[in-house]
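Some notes on the structure that comes next.
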Number of protein chains: 2
Amino acid sequence: MPQGLSPDELPKLEALICTARSVQRGEALYRSGDRFDNIYAVRSGSMKTVMAHRDGREQVTGLRLAGEALGLDGMSDDVHACSAVALEDSTVCIVPYSALKSLCREINSMQERLHKLLGEQIVREAGQMMVLGSLSADERVAAFLLDVSQRNAQRGYSSAEFNLRMTREDMGSYLGMTLETVSRTLSRFQKRGLIDTQGKHIRIVDLEGLQRV
Amino acid sequence: MPQGLSPDELPKLEALICTARSVQRGEALYRSGDRFDNIYAVRSGSMKTVMAHRDGREQVTGLRLAGEALGLDGMSDDVHACSAVALEDSTVCIVPYSALKSLCREINSMQERLHKLLGEQIVREAGQMMVLGSLSADERVAAFLLDVSQRNAQRGYSSAEFNLRMTREDMGSYLGMTLETVSRTLSRFQKRGLIDTQGKHIRIVDLEGLQRV
DNA sequence: CGTTTAATTGAGGAAAGTCAAGTGAAGTGG
DNA sequence: CCACTTCACTTGACTTTCCTCAATTAAACG
C-alpha cells in the first residue's frame, strides 16, 4: 500500500496507523450504514464486501486479499455503503481517514498514492461491470480465476496455485450467477484440463487455455 | 460540482477551469488509452463512457448527464481506462488534474469535494454491479429509469419526464441485456401503465409501480 | 424527401436458473 | 479423539428467461 513514499515520509504513515485489528471468519469489519472513520488495509487473510438491495437480496461486490485496501465505499457520504466480512480469520491495519486527509495535504506523494488507490478501485469496478454485463458464465469464471491469480502474483505469491476462501455461493454472487453454475463450470474446466480443484484449493493447469475461454 | 466552497474559494476553482470544449454527437472526448490530463464536468448535453474487452466487445459503463463529473477513470495509471462519447452535441468544462491536485492541498474543502466525487463514483459503480449481478431484466430497466429520473430531479429538471439520448443498444449494453429485451421491456411497462415512451422521450406515469417492479 | 439508422415485434432456441437428491468436508461437543 | 451435526459442494432433470434471427415499422439526418 505505501508504494512510492520517500524514506522520511514512511514514518509519518506509520504513525498514522494507530492499530491493527483482527477479524474472525464471518465477522464484519464494518457494516453498511456504519459511520465512516477509517480506511483499512488487509494485513493477513481475506475479506469480501457485500451490498444489500432494499428487498434484502445481497450481492458480493468485492474481494480483498492481503495487501489490498478496504473501506473506500464510505467516502461519498460518511457512511459505509457496503459491509466488509472476513472470509477467514484476518487482520487489518486501521488508517484514520481524517489523519490521512491531513497527511495528503502535507505530502505530495501521499496524495498521489491515495488518488491512485481510488482510481484503481474505480477502474476495477468498471471492469467488473464489464464482466457482469457482457461475458458468459464460462468467461466470467475464467476471468475471475485469472484476476485472483494475477493479484496473487502481484503480491509475491503463487499465481498458479491458491486457496480461495469464498464459498461457491459468494463466487456466484460476485459473478452474477448461481452457485450451481459456478460448481458446474469449475467441474467442466477441470475435465478440460484447465484447472485442478479440490474444494477451495485451486491450481491453474493451463493458463493460456483459461485465457482463451 | 463546486458545492460546499466558500465565496473566496470559488474564484480559485474558476481560475482552474481553463476552457470549455464542445463535443459533437458520437465524437469521443477522450479514448481508452489516451493520456490522463484533465477531469471534466458535463456542462450541457450528455455522454456515455465505454470500455472495451480485449476481443473487441464493448460495454457502456456509465452515463453522465449535465452537471456530472467525467474522466476519473484515468487517475489510476495516468491513462484513461475507458472512452467518453457524446450522446448528443454537448459541452464540457475542462479541469486540469495537476492544478486540481495542488488546489486540493491548499484548500480543505476542495480536497473534501474531490474525495466525495471519487467516493460517489465508487458507490455508483458498486450499485451498478448489483443491478447487473442480481436483478432481472424488468428490474434492471426499472432501476435504470428511476436512477435517471432521480438524477434529473437532483439537477432541478423534471423527474417525471425526460429525454434519454442513449439508443436501445446503449441501454442494453449498460444493463447487460440485448436491445430487443430493452425494447420489449419498455413496451410491457407501457402496457402496464407504468411509463409512456415515444422513442427517446420517456414519461414516468406510475412512479410507485415502477419502484415495485 | 429519400436514405440511413433506430425501434418494435414475433418465433424459435440456447444458456443459465430452479428444485432436488446425494456426497463430502468441516466444525462442535461429548 | 471420535461421533455427530451442520454446512458446503456436486450432479442430474426440468423450467424459465433471455438471446438470436428475421421481418417490419418508425424516426432521424443530410
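Within the stretch A:72-83, identify whether any single residue is at positive phi and not assigned by TED's automatic domain parsing to the domain that holds A:Thr167, and answer yes or no. Within the stretch A:72-83, one or more residues are at positive phi and not assigned by TED's automatic domain parsing to the domain that holds A:Thr167. Can you find a residue in the stretch A:184-206 that is at pLDDT 95 or above, within 12 Å of DNA strand C (Cβ to nearest atom) and within 14 Å of chain B (Cβ to nearest Cβ)? The answer is no, given that none of the residues of the stretch A:184-206 is at pLDDT 95 or above, within 12 Å of DNA strand C (Cβ to nearest atom) and within 14 Å of chain B (Cβ to nearest Cβ).
Across the stretch A:30-56, the number of residues qualifying as closer than 23 Å to A:Gln128 by Cα and surrounded by 14 or more Cβ atoms within 10 Å (Cβ to Cβ) comes to 15.
For beta carbons closer than 9 Å, sequence separation of 6+ or different chains, a first residue in the stretch B:114-134 that is more than 23 Å from A:Arg140 (Cβ to Cβ) and a second that is modelled with pLDDT under 95 and small (Gly, Ala, Ser), the qualifying pairs are B:Lys116/B:Gly4. Scanning the stretch B:158-172 for residues that are near DNA strand D (Cβ under 10 Å from one of its atoms) and in contact with a strand residue (DSSP E or B) (Cβ under 6 Å, 6 or more places away or on another chain) yields B:Asn163, B:Arg165.
Among the residues of the stretch B:30-51 satisfying the criterion of being within 14 Å of the chain's Cα centre (by Cα) and away from chain A (no Cβ under 14 Å), which is nearest to B:Ala86 (Cα to Cα)? My answer is B:Met47. When A:Ser173 is tested against (1) surrounded by fewer than 17 Cβ atoms within 10 Å (Cβ to Cβ); (2) in contact (Cβ under 8 Å) with a residue 60 or more places away in the chain, exactly one condition is not met: (1).
Would you mind stating whether B:Leu146 is within 14 Å of chain A (Cβ to nearest Cβ) and surrounded by 20 or more Cβ atoms within 10 Å (Cβ to Cβ)? Considered against the rule, which asks whether it is within 14 Å of chain A (Cβ to nearest Cβ) and surrounded by 20 or more Cβ atoms within 10 Å (Cβ to Cβ), B:Leu146 comes out as no.
I'd like to know if the stretch B:106-121 contains one or more residues that are among the β-branched types (Val, Ile, Thr) and within 16 Å of DNA strand C (Cβ to nearest atom). Full working, then the answer.
From the stretch B:106-121, those among the β-branched types (Val, Ile, Thr) are B:107; that's our starting set.
Still in the running and within 16 Å of DNA strand C (Cβ to nearest atom): none.
No, every residue in the stretch B:106-121 fails to be among the β-branched types (Val, Ile, Thr) and within 16 Å of DNA strand C (Cβ to nearest atom).
When A:Leu179 is tested against (1) under 20 Å from B:Leu135 (Cβ atoms); (2) away from DNA strand D (no atom under 12 Å from the Cβ), only condition (2) is not met. For the stretch A:90-108, does any single residue satisfy the condition of being under 12 Å from the mean Cα position of the chain (by Cα), among the small types (Gly, Ala, Ser) and either at pLDDT 95 or above or over 23 Å from A:Tyr157 (Cα atoms) (or both)? Among the residues of the stretch A:90-108, not one is under 12 Å from the mean Cα position of the chain (by Cα), among the small types (Gly, Ala, Ser) and either at pLDDT 95 or above or over 23 Å from A:Tyr157 (Cα atoms) (or both), which makes the answer no.
Residues in the stretch B:53-84 that are assigned to a strand (DSSP E or B), more than 11 Å from the chain's Cα centre (by Cα) and at pLDDT 95 or above: B:Gln59, B:Val79, B:Ser83. Counting only residues that are farther than 19 Å from A:Leu132 by Cβ and within 12 Å of DNA strand C (Cβ to nearest atom), the stretch B:129-175 holds 5 of them. Here B:Asp138 does not fit the description of being buried (at least 19 other Cβ atoms within 10 Å of the Cβ), within 14 Å of chain A (Cβ to nearest Cβ) and acidic (Asp, Glu).
Does A:Lys200 qualify as being over 30 Å from A:Asp77 (Cβ atoms) and touching a residue at least 12 places away in the same chain (Cβ under 8 Å)?
Values: over 30 Å from A:Asp77 (Cβ atoms): yes; touching a residue at least 12 places away in the same chain (Cβ under 8 Å): yes.
Judged against the criteria, A:Lys200 is a match.
Restricting the stretch A:81-117 to residues that are among the hydroxyl-bearing types (Ser, Thr, Tyr) and under 16 Å from B:Ile122 (Cβ atoms) leaves a set whose member that is farthest from the other protein chains (Cβ to nearest Cβ) is A:Ser83.
Does A:Ala160 satisfy the condition of being more than 14 Å from every other protein chain (Cβ to nearest Cβ) and of a type in the set (Gly, Ala, Ser)?
Taking the combined requirement at face value, the residue satisfies it.
For the stretch B:68-89, filtering for residues that are under 10 Å from B:Glu27 (Cα atoms) and surrounded by 24 or more Cβ atoms within 10 Å (Cβ to Cβ) leaves 1.
The values are calculated or read from the model by the stated rules, or taken from the named source; none is laboratory data. Because the structure is a prediction, the values reported are computed rather than measured. Here the Cβ is made from the backbone with ideal geometry for all residues, glycine too, and neighbour counts use every protein chain on show.
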